[in-house]
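Here the structure comes first, spelled out in structure tokens, and everything after it is commentary.
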Amino acid sequence: MHLLLQNTVSEEGDAIISSQNRKELDQQLFKIEQYAEMALQYQRIQTLHKDLEFKKYSVRALVMKVVKKYSVLFIHKNISVEIEEMKDEILTDEKWFLFMLEQVLSNALKYTKAGGKISFYVKNQALCIKDTGIGIQEEDLSRIFERGFTGFNGRMFQKATGIGLFLCKQVADELAHTLTIESTVGVGTTVKIGLARTDLEIF
């Protein structure tokens with residue numbers, strides 16, 4: 001599909017697909033890749049502890065990587081991003097931390113309407129990802145990390161898999177980071193990933 005999208009002009013120089021259609025296809029292909037990646041990581045979660053390499057990383061650098069990767073969705077949905085100044089460092093595994101951060105951002109983009117905003121900032125030793133999306137029902141908040149649970153939003157919009165946040169919690173626990181979610185319907189959601197790690201023995 002990538003190769004087909006690169007070849008958008010015929011031998012005669014005519015456009016095979018319009019610019020708008022290409023943007024739509026790029027967006028859908030990106031989503032397919034993300035779902036495929038999530039499925040692969042779901043299979044690996046049982047042996048995650050064998051695939052960890054802890055190092056110190058700049059929190060801002062990790063955030064920038066994820067935002068750059070998801071830039072196509074920010075542009076397509078006309079959602080602005082705000083990244084506050086961050087000088088914090090985190091001791092973590094880069095690959096799995098980025099996977100967790102990507103799942104959180106994917107959800108924020110999914111449930112934030114055009115013209116909305118997603119913000120990244122550090123407060124009380126936690127990386128906060130705040131969106132202006134539709135929010136989560138209060139009765140669903142206690143179950144959002146359960147495998148397969150989609151809640152009201154999943155039933156209403158039929159976009160949820162019930163796997164993303166489950167995997168995030170599994171990864172956070174393995175990395176010894178706390179993971180909490182606060183949300184108000186109609187106002188937005190804030191996900192907090194603790195930068196100060198809980199007790200963890202590394203062999």
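The values are calculated or read from the model by the stated rules, or taken from the named source; none is laboratory data. Just so it is clear, the model here is predicted, and its values are computed rather than measured. Don't worry about glycine lacking a Cβ; one is built from the backbone with ideal geometry, like all the others, and counts go over all protein chains shown.
Below is a table of values for the structure above.
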{"quantity": "Condition broken by Ser18, with the remaining ones in (1) more than 16 Å from the chain's Cα centre (by Cα); (2) modelled with pLDDT of 90 or more satisfied", "calculated": "(2)"}
{"quantity": "Selection status of Val66, modelled with pLDDT of 95 or more and of a type outside the set (Phe, Trp, Tyr)", "calculated": "yes"}
{"quantity": "Condition broken by Lys56, with the remaining ones in (1) loosely packed, with under 12 Cβ neighbours inside 10 Å; (2) free of Cβ contacts under 8 Å to residues at least 24 places away in the same chain satisfied", "calculated": "(2)"}
{"quantity": "Pair list, Cβ < 8 Å and 6+ apart or interchain, from the range 29-44 residues that are within 20 Å of Ala172 (Cα to Cα) to residues that are exposed (fewer than 14 other Cβ atoms within 10 Å of the Cβ)", "calculated": "Arg44/Asp51"}
{"quantity": "Filtered residues of the range 59-70 (kept if touching a residue at least 24 places away in the same chain (Cβ under 8 Å) and not hydrophobic (A, V, I, L, M, F, W, C))", "calculated": "Arg60, Lys65, Lys69, Tyr70"}
{"quantity": "Total residues in the range 107-118, condition in a strand (DSSP E or B) and among the charged types (D, E, K, R)", "calculated": "1"}
